[in-house]
1. Take region 68-83 and flag every residue that is touching a residue at least 40 places away in the same chain (Cβ under 8 Å) and farther than 19 Å from I19 by Cα.
2. Do we find that H37 is in contact (Cβ under 8 Å) with a residue 60 or more places away in the chain and open to solvent by 20 Å² or more (accessible area, probe 1.4 Å) in this structure?
3. Residues T121, T129: which one is β-branched (V, I, T) and free of Cβ contacts under 8 Å to residues at least 40 places away in the same chain?
4. Among (1) β-branched (V, I, T); (2) touching an Asp or Glu at 6+ places or on another chain (Cβ under 8 Å); (3) within 18 Å of A87 (Cα to Cα), there is one condition V124 misses while meeting the rest; what is its number?
5. Of everything in region 50-82 that's modelled with pLDDT of 95 or more and of a type in the set (S, T, N, Q), which residue is surrounded by the fewest Cβ atoms within 10 Å (Cβ to Cβ)?
6. If we keep just the residues of region 138-179 that are of a type in the set (K, R) and open to solvent by less than 60 Å² (accessible area, probe 1.4 Å), which is nearest to V106 (Cα to Cα)?
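The values are calculated or read from the model by the stated rules, or taken from the named source; none is laboratory data. Small disclaimer: the values here were computed from a predicted structure and weren't measured. Using ideal geometry, Cβ is built from the backbone for each residue, glycine included, and neighbour counts are taken over all protein chains shown. Just the protein is used for accessible areas: all its heavy atoms, side chains included, with ligands, DNA and RNA removed. Shrake-Rupley method; radii C 1.70, N 1.55, O 1.52, S 1.80 Å.
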Amino acid sequence: MSRPGPETPIETRWEGRFIAVKQQGTWEYVSRSRGIHAAVILAIDEDETGRHVILVEQYRVPLKVQCLELPAGLVGDETAGEAPEIAAARELEEETGYRAEHWRTVGEFYSSPGMVSESFTLLVATGLTKISDGGGVDGEDIVVHRVPLDGIADFVAAKRAEGCGIDVRVAMLLAGGLLGA
């Protein structure tokens with residue numbers, strides 16, 4: 001597939017509330033509507049037993065299975081110009097029931113740049129306090145997992161054996177790329 005130049009027009013083939021299918025030359029891809037992107041949270045909980053990471057598990061329609069993920073949510077889906085830090089704090093609390101005292105922005109990343117133009121801002125949350133059970137909103141039925149970092153590989157392997165899909169961002173934990181965060 002040849003790479004289109006910047007002068008090649010972009011055609012919108014289909015657009016819904018949150019995504020659009022676009023074509024530029026022969027290249028087809030999906031983008032978020034209205035410039036929305038995501039906030040992804042690496043939530044690290046520390047206590048006398050060690051460091052733990054907070055993961056979520058939820059059913060994902062495109063995969064047709066439960067998926068193990070870092071907590072995440074859309075930035076600006078309800079309020080234009082929303083800061084990623086505000087969305088991350090909201091999503092961490094909604095999905096996991098935790099609040100963070102400290103936040104650090106790692107940067108902007110792209111999950112599948114050959115097919116999707118969506119970016120996400122990765123934020124590290126520490127100083128966690130459990131304030132509710134979490135679980136998401138509107139029937140999301142999110143299961144919250146607090147996993148020891150030194151047992152992450154075994155936990156992920158067990159979830160995979162159960163048939164759970166594993167989000168690519170969890171691979172960064174397995175590779176140790178986020179463990180020092």
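1. Step one: filter region 68-83 for residues touching a residue at least 40 places away in the same chain (Cβ under 8 Å), giving 68-70, 72, 74-77, 80.
Correct list: L68, E69, L70.
2. Details: in contact (Cβ under 8 Å) with a residue 60 or more places away in the chain: yes; open to solvent by 20 Å² or more (accessible area, probe 1.4 Å): yes.
The answer is yes for H37.
3. Working: T121 fails: free of Cβ contacts under 8 Å to residues at least 40 places away in the same chain.
None of the others qualify; the one that does is T129.
4. Looking at each condition in turn, V124 falls short on (2).
5. For region 50-82, the residue satisfying everything is Q58.
6. Residues of region 138-179 that are of a type in the set (K, R), as a first pass: 146, 159-160, 169.
If we keep only those that are open to solvent by less than 60 Å² (accessible area, probe 1.4 Å) as well, we get 159, 169.
Working: K159: 27, R169: 13 Å.
The extreme case among them is R169.
Yes or no, residue by residue, for (1) in contact (Cβ under 8 Å) with a residue 40 or more places away in the chain; (2) among the β-branched types (V, I, T); (3) surrounded by 18 or more Cβ atoms within 10 Å (Cβ to Cβ); (4) within 28 Å of K22 (Cα to Cα):
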residue	(1), (2), (3), (4)
I86	no, yes, no, no
A89	no, no, yes, no
A100	yes, no, yes, no
V116	yes, yes, no, yes
